[in-house]
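First comes the structure, then the notes that go with it.
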Amino acid sequence: MPARSSRLSGFYRLSVEERRKALLEVTDLSEEAVNALASADALTEEAADHMIENVVGRFVLPVGLATNFIVDGEEYLIPFVLEESSVVAAASNMARRCRDTGGFVSSNDPPIMIAQVQVLDVEDLDAAESAVMGAQEELMRMCNDRPSTMIRLGGGLKRMTCHRIPTDLGTMFVVHLHVDVRDAMGANAVNTMAELVAPRIESLTGGRVLLRILSNLATERMARIEARFSPESMSDDGDASQGAEVISGIIEAYHFAASDPYRAATHNKGVMNAISAVAIACGQDWRAIEAGCHAWAAVRTGRYASMTEWEIDDDGYLVGRLETPMAVGTVGGASRVHPTARACLELLGITSADRLAAVMAASGLAQNLGALRALSTSGIQAGHMRLHARNMAVSAGAVGPEIEEVAARLATWEGPRTQTTAEEILTMLRQGA
Ligand code: MEV
């Protein structure tokens, strides 16, 4: 079950231990999952050694929770794994601002992944295409008549399409397998099918098969998310006219990214700050997701552009949309093997790939809005500096409430704000000054 409430006001002021306790009050998280979140050693060295080759150690990153999210009417506390400050805070902040309008609403595609079979030396492309299309039923049986949970649950090869790709080496014939992978990410399933049908495709086309591999441009597995923000919600003090000005700046910032690839790359990096962070937390192949998202950002309009769209509706509300390929899975892979990833999925209360895709897309849209809002108002350095001040306070030795106090004094400090300044402030604070 997702969280009973994701509106955890003051959560950021708690200690790490207190935050975990607070989690238990709003979720049904098991003790095992709490322990996995608490332990930097959740992934044992032995398990790590089985994951990749030549293992010499493990790498730990923070898990932070984005609060305030409502997606399709459900409350979600969303785990982000990343090293960059401000990302979790910005996503939580923007998610809070659309709670009054119902949060985020998704409409995702079914989980269809595409595998490509590259066929070379085909003499008659028309004949090859009709032979492959004529054998569709046979090839589908070949793939789907195997014992597989995915197929038992309604997945499997659903159709095939043929493509002609002009290249410097001449036209290549490429067969696409469109496979319903249910709740898996699906790479193994579709690669297996592509390898399975390859010899028969060779005999049908008279060609030579070379590559048999999935495409990360998962255009038939799109996640779509939308959210509306009132002008009041976009200002910090509920002032509608100030909020309308903020919205107008956001729209101007968006159109920059929609038209300029230099800006779009950075704009989309902000979206991926969240999508990849949730992907890592949930044990997903974030490189596959990144590849699909960026490729789509170029293919969609024929020119690399913004992954998101922002507009003002007839009521003066800001409306944001994100549509992007989202190849994620909740069965198989690291999502099952890595104890922290398992804990993060449990924390989300998610068992289906569709829900995970929706939550990830919502995080990406919120993150994008956070960046656009900051950039078009005070700039992002102010927020970064606040967090940086906290880090400096911690490095200076501040603990508990001292951290906020040292950071606040640093923020208004006249003169250079160095680590030594943070140490001096802490000393003064402890002396009662
Ligand atoms: C920084 O990690 C992300 C931003 O650069 C995104 C953006 O410019 O939209 C702030």
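Table for the structure above
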| quantity | calculated |
| --- | --- |
| Search result, residues across the range 184-205 that are open to solvent by 70 Å² or more (accessible area, probe 1.4 Å) and within 25 Å of Arg336 (Cα to Cα) | Asn188 |
| Residue within the range 206-215 that is open to solvent by 20 Å² or more (accessible area, probe 1.4 Å), assigned by TED's automatic domain parsing to the domain that holds Asp124 and in a helix (DSSP H, G or I) present | no |
| Hey, Met392 within 13 Å of the ligand (Cβ to nearest atom), farther than 30 Å from Glu46 by Cβ and open to solvent by less than 60 Å² (accessible area, probe 1.4 Å) or not | no |
| Which listed residue is out of contact with any His (no Cβ under 7 Å at 6 or more places or on another chain), at pLDDT 95 or above and closer than 20 Å to Arg96 by Cα, from Leu65, Leu23, Leu14 | Leu65 |
| Subset of the range 353-374 [open to solvent by 10 Å² or more (accessible area, probe 1.4 Å) and either away from the ligand (no atom under 16 Å from the Cβ) or closer than 12 Å to Ala223 by Cα (or both)] | Asp354, Arg355 |
| Subset of the range 234-244 [exposed (fewer than 15 other Cβ atoms within 10 Å of the Cβ) and within 15 Å of Ala374 (Cβ to Cβ)] | Asp236 |
| Residue count for the range 51-77, restricted to those that are within 16 Å of the ligand (Cβ to nearest atom) and in a loop (DSSP other than H, G, I, E, B) | 2 |
| Helices (runs of 4 or more DSSP H) lying entirely in the range 78-183 (those with 1 or more residues that are surrounded by 16 or more Cβ atoms within 10 Å (Cβ to Cβ), within 16 Å of the ligand (Cβ to nearest atom) and assigned by TED's automatic domain parsing to the domain that holds Asn368) | 87-97 |
| Qualifying residue in the range 226-233 (condition: crowded, with 16+ Cβ neighbours inside 10 Å and either within 30 Å of Asn188 (Cα to Cα) or among the β-branched types (Val, Ile, Thr) (or both)) | no |
| Hits in the range 306-331 - residues which are under 18 Å from the mean Cα position of the chain (by Cα) and outside any strand (DSSP E or B) | Ser306, Met307, Met326, Ala327, Val328, Gly329, Thr330 |
| Selection status of Leu387, assigned by TED's automatic domain parsing to the domain that holds Val328 and either at pLDDT 95 or above or open to solvent by 10 Å² or more (accessible area, probe 1.4 Å) (or both) | no |
| Whichever residue in the range 375-384 is in a helix (DSSP H, G or I) and under 19 Å from Phe80 (Cβ atoms) and, among such residues, is most open to solvent (accessible area, probe 1.4 Å) | His384 |
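The values are calculated or read from the model by the stated rules, or taken from the named source; none is laboratory data. Everything numeric in this text was worked out from a predicted model, so none of it was measured. Heads up, the Cβs are rebuilt from the backbone with ideal geometry, glycines too, and the neighbour counts pull from every protein chain shown. Side chains are part of the model used for accessible areas, which takes the heavy atoms of the whole protein and leaves out ligands, DNA and RNA. Shrake-Rupley method; radii C 1.70, N 1.55, O 1.52, S 1.80 Å.
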